[in-house]
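Trainee: Mind having a look at this structure? Questions to follow.
None of the figures in this text is laboratory data; all of them are computed from the coordinates on show. None of the values given here were measured: they were computed from a predicted structure. Every residue, glycine among them, receives a Cβ derived from its backbone with ideal geometry; neighbour counts consider all protein chains shown.
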C-alpha cells in the first residue's frame, strides 16, 4: 500500500504544524485534527492511508481513539502510529494492544518517522 494521505491527531497546534510541515515537504497530503471528535469528522470526509496519533488529549485520549478506529470495519485497515511524549515501555505495549502498528516518541525525528512510514508502505 502506498501511503500518500496522512491524518495527524494532536491537541498541540505547535505539534500539528511541525508534523504537517515535515510530512508536506516529504510529499504527503496532510489533514489535521485536534481531538477525537475532529478525527472522526476528518475520517468521514476522506479515509487516510495513515494516522499519526497523540496520546494525551482532552476528552477521549489517543489510546481510546486508536482502539475505536482500529475496531471500526471501515477504518481497521488504516495503520496508526502513536506519536507521543509518553516514553515508557508499558505505554508502547498498551498502544500496540489498542491497535497501533508503531510507536514514536516526541520530539519526533524526521528520519525515524519516515523510516516507520516506509516500513508500513
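Trainee: I need 21, 91 ordered by Cβ neighbour count within 10 Å, fewest first. Show your work: numbers first, answer last.
Mentor: Numbers: 21 11, 91 17.
Exposure proxy ranking, most exposed first: 21, 91.
Trainee: Another one. Between residue 37 and residue 5, with labels modelled 7 Å along Cα→Cβ, what's the label distance in nm to one decimal, could you check?
Mentor: 2.4 nm
Trainee: Using 1/(1 + (r/R0)^6) with R0 = 22 angstrom and r between the beta carbons of residue 64 and residue 12, what's the FRET efficiency to the nearest 0.05?
Mentor: 0.75
Trainee: I would also like to ask the following. Give me the percent of DSSP beta bridges within the chain that run antiparallel, rounded to the nearest 5.
Mentor: Numbers: 0 of 16 bridges.
Around 0 percent antiparallel, to the nearest 5.
Trainee: Please identify which residues in region 39-65 have an amide N closer than 17 Å to a label point set 7 Å out from the Cα of residue 87, following the Cα→Cβ vector.
Mentor: Those under the cut-off are 55-56.
Trainee: Would you order 17, 57, 82 from fewest to most other beta-carbon atoms within 10 Å of each residue's own beta-carbon?
Mentor: In order of increasing Cβ crowding within 10 Å: 17, 57, 82.
Trainee: For q = 0.10, 0.16, 0.22 Å⁻¹, what log10 I(q)/I(0) does the chain give under the Debye formula with an equal point scatterer on each alpha carbon and no solvent?
Mentor: After summing over all Cα pairs, the log10 values are -0.24, -0.66, -1.42.
Trainee: Okay, next question. With each label point set 7 Å from Cα along the Cα-Cβ vector, what nm distance links residue 114 and residue 25?
Mentor: 1.0 nm
Trainee: Over the Cα atoms of region 49-95, what is the Rg over Rh ratio if Rh follows Kirkwood?
Mentor: Result: Rg/Rh = 0.96.
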